[in-house]
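Before any comments, here is the structure.
The values are calculated or read from the model by the stated rules, or taken from the named source; none is laboratory data. In this text, all values refer to a predicted model and were calculated from it rather than measured experimentally. Cβ atoms come from the backbone with ideal geometry, glycine included; neighbour counts cover every protein chain shown. Heads up: the accessible areas ignore ligands, DNA and RNA and are worked out on the full protein's heavy atoms, side chains in. Shrake-Rupley method; radii C 1.70, N 1.55, O 1.52, S 1.80 Å.
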Amino acid sequence: MDGKAAPNGVATIEDRILRITGYYGYYPGYSSQKSASRSSVIQCKPGGNCPSRHRGMTRQLSPLSVAEDSAAPILELQNRSPSGICRHSRVERQSRSEEGTQTHTESSSQEAEGQTRCQSCTSTFLKLIWRFLIILSVSSSWVGTTQFVKITFETFDCPFFMTWFSTNWNIMIFPIYYSGHLATAQEKQSPIKKFRECSRIFGEDGLTLKLFLKRTAPFSILWTLTNYLYLLALKKLTATDVSALFCCNKAFVFLLSWIVLKDRFMGARIVAAIMAITGIVMMAYADGFQGDSIIGVAYAVGSASTSALYKVLFKMFLGSANFGEAAHFVSTLGFFNFIFISITPIILYFTKVEYWYPFSAVPWGYLCGVAGLWLAFNILVNVGVVLTYPILISIGTVLSVPGNAAVDLLKHKMIFSVVRLGATIIICMGFLLMLLPEEWDEITLRFINSLKEKKSEDHSEDITESSVHTRSRSRANGTVSIPLA
């Protein structure tokens, strides 16, 4: 009884332990079956030979050993603190994601920076092309106008009629401007509303009959005189000489602005004005102050003077104007010319001062060419001042001098004297000197100081590099040399 009770008690205790621990292989009576299997195993004595029938038998483990073996990896996983493992893996994943995000951000920022640089380079290149085209267009239109006038004079010697006919074309400037407004503006306005908006250049009340006569009449007269005297000068002088003398209007504008508008005094512009006057005197002296040369020079200087007076009075009474207001004003001048000045060519015709007969003999093709190029020049001047810098328009005007010289040399086989060539160069240099900004002296001093600072920094860097090179070389030879100051 006691011998049997002990194994049964042990078996019962083992069954309870397995049931409590939740061993997955437990079932009632498993421990008694396991103890029976243990008793059936034959134990071999040390050094004895076990029967061959027991050599192929596998070792059967007790349920406790199986439970311990199976529970070992579970306990090991529990002892490893799963939260720490998850936290570690989460940190690794987060760091990897941050590294990937940082790499992606750096690559995207580099791509964006590259695209921005490309866009800035492209926009700068397009701006340069646009400004070059403006300069070339202004110069070409003015050279074409001057040469067409010279060609027209060969068959039609009526300068005032040409001036009147070309000025009438200015009426089309405002319709051209309004067409551009319809093509580009997002909020389109009616022609009447746009006309009233642009007529504010005459005052807050707009264009009235009183202001039309008061403001338009003097400017229209100055406009007609400028162009008429320019054409008269082309009858006496070459296109190169007249275009060079007309560039003196910049010096006259400065002198009038200094006297009338009390603008800032600038020594460089005074020098430019003196150079312009010197060029005029040299141009008049080229043929000995006699004949058609002195008359042509007077006409050209008169044209430059009236042009300067027109600009100074415009700045005094009307101030600055945008493209629409300038187009409105020039179209108003053309309308005034058509209404009130049309009587002048009729009088000249009947007095036979400017007489043409028959009517079919008038070279309308050349006249339309002159008027069209003149219109293009006026539009480019107004558009260029608004869209680009006024200095570009001035550069385009002065470039008409070498342009006309090239045409006169290649087509008309003109031979320029040394005096005329020197006078032309002096006038052009004075014109370019007039283009200096008002703060040119301060800008020049700042530029010189920056160059000096840059040179001193480069010199100090060179000295540092040379001293380092000397020390490294001396150390390589086993000695240390100290550079002398």
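If VAL383, VAL260 are ordered by their accessible area, calculated over protein heavy atoms with a 1.4 Å probe, which sequence runs from highest to lowest?
VAL260, VAL383
How much net charge surrounds TYR310 when only other residues with a Cβ under 14 Å from its Cβ are counted (Lys, Arg +1; Asp, Glu -1)?
Neighbourhood net charge equals +4.
Please compute the length gained on full extension between PHE125 and ASP157, using 0.36 nm multiplied by the number of residues separating them and subtracting their Cα-Cα distance.
6.9 nm
Determine the alpha carbon to alpha carbon distance for each of LYS194/LYS214; LYS188/LYS250; LYS210/LYS235; LYS250/LYS455 and list only those over 32 Å.
Over 32 Å Cα-Cα: LYS188/LYS250; LYS210/LYS235; LYS250/LYS455.
Roughly how far apart, in whole Å, are the Cα centres of the stretch 130-201 and the stretch 358-375?
16
With the crude spin-label approximation of a point 7 Å out along Cα→Cβ, what separation in nm comes out for ALA185 versus ILE391?
3.2
Just subtract the alpha-carbon distance of ALA361 and LYS413 from 0.36 nm times their residue separation and send over the number in nm, one decimal.
Length gained between ALA361 and LYS413: 15.9 nm.
Just to confirm a number: summing +1 for Lys and Arg and -1 for Asp and Glu over residues other than GLY324 whose beta-carbon lies under 10 angstrom from that of GLY324, what do you get?
Computed value for this residue: 0.
Where does each of ARG215, ARG200 land when they are ordered by accessible area, with a 1.4 Å probe and the largest first?
ARG200, ARG215
Stretched out fully, how many nm does the piece from ASN449 to LEU313 gain, at 0.36 nm a residue minus the Cα gap?
Result for the pair: 45.0 nm of gain on full extension.
Reachable lysines from LYS413, Cα under 16 Å, same-chain residues fewer than 8 places away excluded?
LYS150
Using R₀ = 25 Å, calculate the FRET efficiency as 1/(1 + (r/R₀)^6) where r is the Cβ-Cβ separation of TYR285 and MET429; round to 0.05.
Step by step, r from the Cβ atoms, then E = 0.85.
Can you give me the C-alpha center-to-center distance between the stretch 271-286 and the stretch 220-237, rounded to a whole angstrom?
Rounded to whole Å, the Cα centres lie 20 Å apart.
How large is the accessible surface of SER360 in square angstrom, using a 1.4 angstrom probe and rounding to the nearest 10?
Estimated to the nearest 10 Å², SER360 gives 100 Å².
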